[in-house]
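Notes follow the structure.
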Amino acid sequence: MNRLAHHQGIHKFFTMLGLALYFSKPVMKHLVHLVDAMVTKGFSGTLTDLHHGSFHPNHRTTLSHFFTKSP
């Protein structure tokens, strides 16, 4: 998984909570990026802010599909 340094801390926290048992690796990757974006300064809650604030490698529509089609 390509991560920034602070993403490793977020990922370790999620694994400590046991979320890795319930979610697949791609879902965990999305969650790490989402939490990273939400804690950045100036977050207003839009999908564009999530994409720009999290340094997500995929296109913005990938996040949209994650929210709309994920079980």
- Item | Residues located in the range 32-71, provided they are of a type in the set (D, E, K, R) and modelled with pLDDT of 75 or more | 36, 69
- Task: Considering (1) among the β-branched types (Val, Ile, Thr); (2) assigned to a helix (DSSP H, G or I); (3) more than 12 Å from the chain's Cα centre (by Cα), say which one residue 40 fails and leave the rest.
- Result: (2)
- Note on the structure: Given (1) charged (D, E, K, R); (2) surrounded by fewer than 12 Cβ atoms within 10 Å (Cβ to Cβ); (3) at pLDDT 75 or above, residue 29 misses just (2)
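Rundown of residues vs (1) assigned to a loop (DSSP other than H, G, I, E, B); (2) among the aromatic types (Phe, Trp, Tyr), yes/no style:
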residue: 9; (1), (2): no, no
residue: 12; (1), (2): no, no
residue: 23; (1), (2): yes, yes
residue: 32; (1), (2): no, no
residue: 44; (1), (2): yes, no
residue: 48; (1), (2): no, no
residue: 52; (1), (2): no, no
residue: 62; (1), (2): no, no
residue: 66; (1), (2): no, yes
- Kindly list, by first and then second residue, each pair from a residue in the range 24-38 that is without any contact (Cβ under 8 Å) to a residue 24 or more places away in the chain and under 19 Å from residue 48 (Cα atoms) to a residue that is polar (S, T, N, Q) and in a helix (DSSP H, G or I), limited to pairs with Cβ atoms under 6 Å and residues at least 6 apart or on different chains. 37/54
- Message: Just to be sure I understand, how many residues within the range 12-26 are of a type in the set (S, T, N, Q) and either farther than 22 Å from residue 64 by Cα or surrounded by 12 or more Cβ atoms within 10 Å (Cβ to Cβ) (or both)?
- Response: 1
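The values are calculated or read from the model by the stated rules, or taken from the named source; none is laboratory data. What you see is a predicted model; the values in this text were computed from it and never measured. Neighbour counts run over all protein chains shown; Cβ positions are idealised from the backbone, glycine included.
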